[in-house]
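The values are calculated or read from the model by the stated rules, or taken from the named source; none is laboratory data. Keep in mind that what you see is a predicted model, and the values were worked out from it rather than measured. Glycine also receives a Cβ, built like all others from the backbone with ideal geometry; neighbour counts cover every protein chain displayed. Each accessible area value is taken on the protein alone, full model and side chains, heavy atoms only, with ligands, DNA and RNA left out. Shrake-Rupley method; radii C 1.70, N 1.55, O 1.52, S 1.80 Å.
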Amino acid sequence: MTEQVLKKEKLLLNADKWQVRPSSWILAVYIALMPVSTALADLFAGPSVMTLFAGIYIMVSLLEVVFIYRRLEADIGLLPVYAYFLFTMASCLWNEYFDADWYFGQFAITTAIVFCITVKRVSVKEIKLFKLAMYISILIAVISTLMNLPKPGKRLMIWITSYMDPNDFACGLAIVVSLFLVELMNKKRIILNVLCVAAVGIIVLMSGSRGGLLTMGCIVMVWLFNLKGPIRMKILLALIAFVAIVLFCAENGIGPKILYRFSITRLISDGGGGRMPIWKAGIEKFLTSDPLHVIFGYGHGSYTTSVRYVAIGHDDPYIAHNMFINALLEGGLVGLGLIVSCFAALYRYAAKHKNLFGILALTGFIAEGLTLDAQVYRTFAFAVAMAVIWRETTKEKPENVR
């Protein structure tokens, strides 16, 4: 009986190797549209295009789990990931001013996508489909940029059916760079991937997004750390020279005016885009909270109502603009501990499976979360998914990653 079960399992694995499930086609479209997601918000009345795709993906995935897979493939090493998402969703119960708004809805969608994509097998062909979707996403981003070229000195603002925040656009693109850096090791497509990396770098600079530049920079540094041989030092020296030139031009007003946003002087003068006072207010609120709120936080979506930081000249309270400070306030020490353990588990899982792309995507997302409320961004589900499902499809024995 045991031999028959093992034989059947082997046949299933071989059959799955090249199969593409319906949900994977939907997810591929979702990935391709991810960089311009917010710019498509008003394409239809009612739910946004991305929300519709996410909802369809979740429903189809659940049907596949019930009728095709008929079992869950979740790995015990991912328990901290599920614990973080479940705790954060449950923390809505002790948010005194809870409102089922976009903020809650987006995190709920991310939670559902993470669950759906991590509890079932993903075939080699499906991974190649997702890879194609990421190349298409860059093509869409380049076309969108050309359609919305800014005036000299102005930031790139993407508009398709609505405006998209430059930071959202830049950070989403910067994370996808992870794939192109990994693919640079494939000599057959080196020119294509160099062009993709260069295109994203130019777009990030045009957007004036310091968060996007930080995200891309962190990804590149981890990628360099995993390179071997003299090429690593050559690329590192070239990058140092490039950064030095950009900073020199930014500080001295040389070149496009948009470069001034990246100057150290500008960064200090505006307090990191006004973020320093927001973070200070959040930490002060945490330090003066009662023990119960210190441990469990004020509940998901409570940062604005608990901290109530309002900048001069503004009417509405600010969100945290930092994923970890947000976790500390909304989830307390438990929430902060869970999000850290979540990322630690994902790093461990990706390294175990020699998944450099997953590690780079996670690194980029964490860097994004240092200056933005990335826990409600679509890149969260993307980074988690790539850390869990991605496998090298061009090498028999992938190298260890660090």
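Okay, here's what the table says:
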{"read-out": "Accessible surface of the chain [probe 1.4 Å, protein heavy atoms]: carbon and sulfur percent", "value": "70"}
{"read-out": "P(r) of the chain over all Cα-Cα pairs, binned every 20 Å from zero, in whole percent", "value": "25, 58, 16, 1"}
{"read-out": "Hull-based mean projected area of the stretch 142-283, where the convex hull spans the alpha carbons, in square nanometres", "value": "10.5"}
{"read-out": "FRET efficiency for residue 143 and residue 191, using Cβ-Cβ distance with R0 set to 25 Å, rounded to 0.05", "value": "0.80"}
{"read-out": "Once exposed loop GluC sites (Glu not before Pro) are cut out (DSSP; at most 10 other Cβ, 10 Å), longest piece of the chain", "value": "97-395"}
{"read-out": "Per residue accessible area in Å² of the chain, where ligands, DNA and RNA are left out and the probe is 1.4 Å", "value": "49"}
{"read-out": "Pairwise FRET efficiency - residue 244 versus residue 267, Cβ, R0 = 22 Å, nearest 0.05", "value": "0.85"}
{"read-out": "The stretch 114-179 versus the stretch 53-99: alpha-carbon centroid distance in Å", "value": "24"}
{"read-out": "Cross-link pairs 131/228; 128/187; 187/228; 128/188 - those with Cα-Cα distance over 19 Å", "value": "131/228"}
{"read-out": "As computed over the stretch 227-376, the Cα convex hull volume per residue (Å³)", "value": "149"}
{"read-out": "Hull-based mean projected area of the stretch 216-316, where the convex hull spans the alpha carbons, in square nanometres", "value": "10.4"}
{"read-out": "The chain - mean residue ellipticity at 222 nm from DSSP helices (-39,500 (n - 2.57) per run, n ≥ 4, rounded to 500)", "value": "-21500 deg cm²/dmol"}
{"read-out": "For residue 303, net neighbour charge (Lys/Arg +1, Asp/Glu -1) across residues whose Cβ lies under 15 Å away", "value": "-3"}
